[in-house]
1. Which one, (1) 16.9, 57; (2) 12.5, 34; (3) 17.6, 55, gives Rg and Dmax of the Cα atoms in Å as derived from the coordinates shown?
2. At 0.36 nm per residue, and after removing the present C-alpha to C-alpha distance, how many nm does the segment from GLU41 to MET95 gain when stretched out fully?
3. Compute the helix-to-body angle for 2-20: its Cα long axis versus the longest principal axis of the chain, expressed 0 to 90° and rounded to tens.
4. If you only keep lysine pairs separated by 8 or more in sequence, or across chains, how many in the stretch 15-114 come under 22 Å at the Cα atoms?
5. Can you compute the modelled spin-label distance between TYR106 and ASN59, with each label point 7 Å from Cα toward Cβ, in nm?
6. Of the GluC sites (Glu not before Pro) in the stretch 23-69, which ones lie in a loop per DSSP and count no more than 15 other C-beta atoms within 10 Å?
7. Write down the percent of antiparallel bridges among all DSSP beta bridges whose residues are both part of the chain, to the nearest 5.
8. How much mean residue ellipticity at 222 nm does the chain get from its helices, if each DSSP H run of length 4 or more adds -39500 (n - 2.57) and you divide by all residues, to the nearest 500 deg cm²/dmol?
Amino acid sequence: MHEYHIVEELVAQVLKKAREGRARNIAGVTLVMGEHSGLEESSVRLYFENITRGTIAENARLIINPIAVKLACRSCAKEFERRGEDITCPQCGTMGILQKTGKEFYIDNIEIEA
C-alpha cells in the first residue's frame, strides 16, 4: 500500500512537468525502478492507472525499466548482479555487499503532446 503515496507524488510531478510544457496530452511515462526499491511493479502500474484517471495522463503508456541489484564482493571486490536470491560472488563464493544500484525509482522520460 505504500506504493500508492509514492505513485501519487510521481503523477503529481508528471502533471506539473506537462503543464509547464503546455501539454494537451501525456502519451507515455518511462520510469526507472530498481529491483531493491521496495516497490512492486504490479502495484505501481495499478495505482498509476487509477491516479491518472480523469487527467491528461489517463491513457499514457507506462514503461518501467528495471535496474538489477548490484553487489560487491567483500573478498575480491568484484562487482556483480544478484542472481535470484543468491548474493554470493560468482568468482570466489563470498557473500556480497549491497551497493546503491538497484534502489532507484525515478521518472526517466515524459512523452507529451502539445
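Computed from the coordinates by the stated procedures, all read-outs in this text should not be read as laboratory data. Worth saying up front: this structure is predicted, and the values here are computed from it rather than measured. So basically every Cβ, Gly included, is an ideal-geometry build from the backbone, and we count neighbours across all protein chains shown.
1. Matching entry in (1) 16.9, 57; (2) 12.5, 34; (3) 17.6, 55: (3).
2. On the way: separation 54, 0.36 × 54 = 19.44 nm, distance 2.73 nm.
Full-extension gain reported as 16.7 nm.
3. Between the helix axis and the principal axis of the chain, the angle is about 50 degrees.
4. Numbers: LYS70/LYS78; LYS70/LYS100; LYS70/LYS103; LYS78/LYS100; LYS78/LYS103.
Going through the stretch 15-114 pair by pair, I get 5.
5. Computed distance between label sites TYR106 and ASN59 equals 3.1 nm.
6. GLU40, GLU58
7. Of the beta bridges lying entirely in the chain, close to 70 percent run antiparallel.
8. Values: 2 runs with 31 residues, N = 114.
Computed ellipticity for the chain at 222 nm equals -9000 deg cm²/dmol.
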